[in-house]
Amino acid sequence: MPAESTPEPGIPGESGTSAPRHRAKGRRRKARSKRRKGLLITAWVAAGIVVLGGTGAGYLYFKLNGNIKSVDINQALGTDRPTKVDNGSENILVLGSDTRSGSNEKLGGGTDDGSARSDTAMVVHVYEGHKSASVVSIPRDTLVERPSCTDANGVTHDAASEVMFNSAYSTGGAACAVKTVESMSGIRMDHYIEVDFSGFQKLIDDLGGVKITTTQDINDPDSHLNLTAGTHTLNGEQALGLVRTRHGVGDGSDLGRIQLQQAFIKALMNQVKSIGLLTSPTKLLELADTATNAITTDSDLNSVNDLVSFAGGLKGISSSKMTMVTMPVQYDSANANRVLIDEAKDKLVWDALKNDQVIPKSATEGTATGTAKDVVSAG
């Protein structure tokens with residue numbers, strides 16, 4: 001992704017101002033964020049499964065089906081949700097889960113404290129015709145009004161004011177994360193996809209790495225990343241370090257990390273398109289097995305058939321047809337480690353997506369950004 005890659009309208013401004021601390025319904029603050037990477041890879045891999053034939057196809061189909069984990073978002077949230085807009089577009093919430101248990105504990109730093117976090121959150125809007133998309137990254141430390149929600153186990157969690165966005169996931173999992181995003185945006189999420197640490201790392205390794213170019217050295221022991229300026233083919237561990245690093249480049253902010261993540265996503269999309277998955281059934285199966293193990297979806301995407309259908313609506317979208325922005329925020333004058341939603345500009349973003357329109361450039365001009373723009377690009 002150049003860092004905050006925005007080939008069309010919606011490039012955040014290079015500077016931001018402090019925002020007043022008044023609160024309105026649905027308000028939030030500061031930022032960090034993570035990965036939307038597994039989405040298109042999984043979709044394209046799933047689409048390729050239909051070319052498989054022979055006596056082993058049935059077994060492979062059921063094996064891949066068994067890999068997929070799902071959450072029934074519709075049942076958990078009920079009818080108290082924004083109305084689905086029937087204009088041919090789709091909205092997908094993509095989260096990168098930051099659980100520290102199991103095989104994730106040794107990845108990307110941190111300790112197993114028994115909790116799970118959403119280290120990255122992105123709303124992907126696929127426009128009518130499914131030839132282009134906009135991606136809105138939600139800074140994880142944005143302060144929000146978290147609505148009351150019922151998680152997938154039927155447990156109800158009280159509403160909370162002025163809490164970090166990523167607390168929605170750590171409090172009530174996928175269902176609460178979706179409800180919080182819908183409350184913030186006024187837009188119904190048609191689908192949910194979550195990618196975990198270890199699955200993401202293995203996916204990159206199975207792809208043979210992703211080629212990127214950096215304009216400066218990146219050194220962050222916390223995320224196990226040490227790159228000199230230049231062109232690199234990142235393995236899974238390095239890729240995970242890149243999308244998680246804050247202190248290794250720029251001003252150390254989560255807004256800067258979002259810029260790196262967006263740049264990496266575009267490089268990843270280019271990589272997937274270039275390796276010709278459909279010409280290599282063995283490679284395709286390896287990736288399909290990894291991808292389906294790496295994700296949790298909503299219940300409408302919990303089978304290979306569902307993923308194949310979903311993939312059909314995404315495979316025509318290239319990186320050049322994807323606009324990537326960060327949700328408009330301003331730094332909180334009371335806490336430099338938090339951001340506040342720029343409500344007027346935020347409304348421009350969500351209104352544009354609700355009406356299936358491109359995000360106007362004015363929606364992100366003058367908002368707070370990190371300083372990692374253009375540090376990373378496709379190799």
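Diffusion of the stretch 158-302 by Stokes-Einstein, at 37 °C in a medium of 0.692 mPa s and with Rh set to the Kirkwood radius over alpha-carbon pairs, works out to 191 µm²/s. Here the extension length gained between N226 and E128 equals 31.1 nm, from 0.36 nm per residue of separation less the Cα-Cα distance.
Shown are D220, D158, D251, whose ranking by accessible area with a 1.4 Å probe and every protein chain present, most to least, is D158, D251, D220.
Other residues lying with their Cβ under 10 Å from the Cβ of N74 contribute a combined charge of -2, Lys and Arg counting +1, Asp and Glu -1. Our estimate of slack between D251 and D356, defined as 0.36 nm per intervening residue step minus the Cα-Cα distance, is 34.4 nm.
Here r is the Cβ-Cβ distance between N87 and T156 and R0 is 41 Å; the resulting FRET efficiency, rounded to 0.05, is 0.80.
Straightening the chain between Y61 and K273 buys 74.0 nm, computed as 0.36 nm per residue apart minus the Cα-Cα spacing.
Among the GluC sites (Glu not before Pro) in the stretch 113-193, those placed in a DSSP loop whose Cβ has at most 15 other Cβ atoms within 10 Å are E128.
The values are calculated or read from the model by the stated rules, or taken from the named source; none is laboratory data. Just so you know, these numbers come straight off a predicted model, no measurement behind them. Neighbour counts run over all protein chains shown; Cβ positions are idealised from the backbone, glycine included. Heavy atoms of the whole protein, side chains included, go into the accessibility calculation; ligands, DNA and RNA do not. Shrake-Rupley method; radii C 1.70, N 1.55, O 1.52, S 1.80 Å.
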